[in-house]
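One structure is given here, and the rest of the page talks about it.
The numbers here are math on the coordinates, done by the rules we state, and not lab data. It should be emphasised that the depicted structure is a prediction, and the values quoted were computed from it without experimental measurement. Glycine also receives a Cβ, built like all others from the backbone with ideal geometry; neighbour counts cover every protein chain displayed.
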Amino acid sequence: MLNIKADLHRILLGRNQEWSERMKKENPELFTELAQHQKPFFLWIGCADSRVPPNQITGTMPGDIFIHRNIANMVVHTDMNMLSVVDYGVNALGIDHVIVCGHYGCGGVKAAMGAEFGGPSGSWVRHIRDVGRFHHEELRSIADETERFDRLVELNVAEQVYHLSRTAVLRDAWAKGRKIQVHGWVYSLNDGLIKDLGVTRDKYENEVGAVDVD
Ligand code: CO
């Protein structure tokens, strides 16, 4: 971990040069290939948290994962930034595996368990409060606060997987016969391991109790 008070940008640029040299030595074709095109196999929607870097924690390389990150790995229905990434990833890059990866100890989820606050981040966190409200009975039954926090992290991921499955991009792709899977994962800051929540969706389906009629 870096702990530097001054000249941070010089240190990063220096590290970039070292990294570039190392990569060229290990795989002389890498940059030539990546400069031509990208063919990532995964679309990642993750938290902006600095401790959850997608490539490092999955042992992948530049070119492997198409990435969108925001606070608490949210799929907000009107977020054109996220929707454009999903559209481009699915339709232009032909990606068949979408991963929503949350993490235990998520500050965004923690904030949703506390008092209301203002500013853009306060509004953003409202979406997570809604997840808590949808599942208030289950959450209320968990006495231990850490366990309740962990469970809200998981429920939030499952909810965002569900949101993705309702996007026009995914619905259209499935209607055309594309075999796209949307997975829900949670990363642990404690041991660096990812848990598959088993909430994968691979088709459009109506929900019991949902008001959707199509
Ligand atoms: Co987070």
Those helices of the chain passing the 30 Å axial Cα length cut-off and the mean Kyte-Doolittle cut-off of 1.6 (DSSP H runs only) are none
Built amide H within the under 5 Å cut-off of residue 44, gap 5+: 66, 67, 68, 99
Let me know the shape class of the chain, please: from the alpha-carbon gyration tensor, a ≥ b ≥ c as square roots of the eigenvalues, rounded when a/c is under 1.5, otherwise prolate if a/b is greater than b/c, or oblate. oblate
Need one number: nm distance between label points at residue 137 and residue 26, each 7 Å from Cα along Cα→Cβ, rounded to one decimal. 5.0 nm
Applying a 10 Å radius around every beta-carbon, put 58-68, 129-139, 148-158, 42-52 in order of their mean neighbour count, most first. 148-158, 42-52, 58-68, 129-139
